[in-house]
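See below for the structure under consideration.
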Amino acid sequence: MTLADARARTPVLRTIVHRPRADDALLAAALEDFGRFSPMVALDPPHGLMLDVTGCAHLFGGEAGLMRAAQARAGRAGLQVRCALADTPQAARALARFGPGGVFDRDVARPALRRLPVAALELAEKDEQALRRAGLKRLGDLDDRPRAPLAARFGIDFPARLARLLGDEDVRITPHRPPAPIIVDRVFFEPISAPEDVERVLSDLLADAADQLDQASQGGRAFQAGFYRIDGATRRITVRTGRPTRDAGAILRLFRERLAALETPLEPGFGFDQMRMAVPVVERLAPAQTGLAGEPPGDEDLNRLIDRLTARLGPEAVLRFQPLGSHLPERAARTVPASAPADGADWPAPSPEDPPLRPLHLFNPPQPVETLAEAPDGRPFQFRWRRVSHRVVLAEGPERIAGEWWRAPDQKTRDYYRVEDRQGRRFWLFRQGLYGETDEPRWFIHGLFA
């Protein structure tokens, strides 16, 4: 009824403004918090959550213990809930919304589902009325009838809806976030808050995760620690590595760096009652031969330094160059986070006897210079850059690089020269455009050699 009619009947009626956005925010917070029970958690509109607890019940003393823990958790948050646990998501939803709730084994789930009203199908109002008028008031009445007439009357998806509801067909949920390949949990009987206790649990979680990675011959590229506070707040902290690893000690040192560099410190509040270690990114990692003295091979020290800097400063602060498929020097590389996975592209390996073909420092964009050349298409013998004249004593070239016509059809051909002046300074110059290709070719300086 309308609010005016309700107040006419009950003058002392208490009203509360409906705030849908606040409801959505509360449900989103519950979604994050209930991830403590299973990594496979999803929203179940309009105001429910769906959890796939396969392999998770033993952490809480069995399925009944898990349900009691979920109900107690919701009660502490001020929520009134109805829970059901069944073999399929649709069966659990129907038992929770239209049945008695509880834990239903395979043997007792189907009889309980057959007793549910046809409203559990959540059909359109006219279809539900048609079923009731036909004397089909419970799911068992529909289950006893052939499916073909029901499909002809209520649509071809009606039999599938009924089969999913009765547990005959299983359709897995789509979780809020994809579960990580490796997940390790710790549930505490008493909350912990001391930093040394948190670090000790992190060490244990990393050791267990490393064991699972070792059994799978894999290494982790990202490790995510989840901290579940007793008041419902959830915090996730991730560290990344530049190469796959399962060294628990090295990862623990990265977490120390990351925790110390957080802009918002990790606040335990009244304590953490659960912690989780997930490894969302894994790669194949074969055993590596170390030296007789136990020293790490190759560039291990450099990789560890990069990982520590990334953990302390953030992934966007530590970058590396990655080659790209382009002949133009300014497009032949890009910067990516140092911990980003390699895309398979390799830098060309120059001969040790050859001089460097490319300078260490490039100007982007190239800077124009005034140049005097021996011939219209010859090498330069003098150029002026930044109001300073340079007499060229040595020159190599030209190295001709054509424009990428598929990017810009009007790009001009470039002739590059490696030149050296009287003071021994080496420059990388190019002439843009050939005589006949453009009216007046222009000269630019593109880089400086060391």
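Tabulated data
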read-out: Amide H partners (placed H, <5 Å) of R442, local residues excluded; value: Q432
read-out: Mean separation of Cα contacts under 8 Å, 6 or more apart, over the residue count of segment 320-428: relative contact order %; value: 16 percent
read-out: For the chain, calculated [θ]222 nm from helices alone, where every DSSP H run of n ≥ 4 adds -39500 (n - 2.57); value: -9000 deg cm²/dmol
read-out: Dipole magnitude (debye, nearest 20) for segment 67-136, charges at Cβ of Lys, Arg, Asp, Glu; value: 220 debye
read-out: Sum of side-chain charges, R76 neighbourhood, beta-carbon under 11 Å (Lys, Arg +1; Asp, Glu -1); value: -2
read-out: Rounded, prolate or oblate (a/c below 1.5 giving rounded, otherwise prolate when a/b exceeds b/c) for segment 96-157 by Cα gyration tensor; value: prolate
read-out: Neighbourhood charge, 11 Å Cβ-Cβ cut-off, centred on I192 and excluding it, Lys, Arg +1 and Asp, Glu -1; value: -2
read-out: Alpha-carbon Rg with Dmax, taken over the chain, Å; value: 33.8, 104
read-out: For S203, solvent-accessible area (1.4 Å; no DNA, RNA or ligand), Å²; value: 50 Å²
read-out: Efficiency of FRET from Cβ geometry, A64 and E125, R₀ 45 Å, rounded to 0.05; value: 0.75
read-out: Gyration tensor verdict on segment 115-270 (Cα atoms; rounded if a/c is under 1.5, prolate if a/b is larger than b/c, oblate otherwise); value: prolate
read-out: Ranking by accessible area, most exposed first, for E404, E399 with a 1.4 Å probe; value: E399, E404
read-out: Length-normalised contact order for segment 77-157 - Cα pairs under 8 Å, 6+ apart - percent; value: 22 percent
read-out: Linear extension gain, L372 paired with D24, 0.36 nm per residue minus alpha-carbon span; value: 118.2 nm
read-out: Cα centre as origin, Lys/Arg/Asp/Glu Cβ charges: segment 1-147 dipole, Debye; value: 560 debye
read-out: 14 Å beta-carbon shell around H176, net charge (K/R +1, D/E -1); value: -1
read-out: Cβ-derived FRET efficiency at R0 30 Å, A77 paired with D5, nearest 0.05; value: 0.35
read-out: Whole-Hz couplings from phi, Karplus 6.51/-1.76/1.60, listed for segment 239-244; x for Gly and Pro; value: 10, 10, 10, x, 8, x
read-out: Whole-angstrom gap from segment 419-450 to segment 1-64, using each part's C-alpha centre; value: 68 Å
read-out: Gap separating the Cα centres of segment 76-152 and segment 359-380, nearest whole Å; value: 79 Å
read-out: Positive-end extreme of charge dipole, the chain - chosen from P398, V108, P11 (charges on Cβ); value: P11
read-out: Computed over the chain: relative contact order in percent, which uses C-alpha pairs under 8 Å that are six or more apart; value: 9 percent
read-out: H361 - accessible surface, heavy atoms, 1.4 Å probe, Å² rounded to 10; value: 90 Å²
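The values are calculated or read from the model by the stated rules, or taken from the named source; none is laboratory data. Nothing here was measured: the structure is a model prediction, and the numbers come from that model. When we count neighbours, we look across all protein chains shown, and the Cβ atoms used for this are built from the backbone with ideal geometry, even at glycine. Quick note on the areas: whole protein, heavy atoms, side chains included, nothing else; ligands and nucleic acids left out. Shrake-Rupley method; radii C 1.70, N 1.55, O 1.52, S 1.80 Å.
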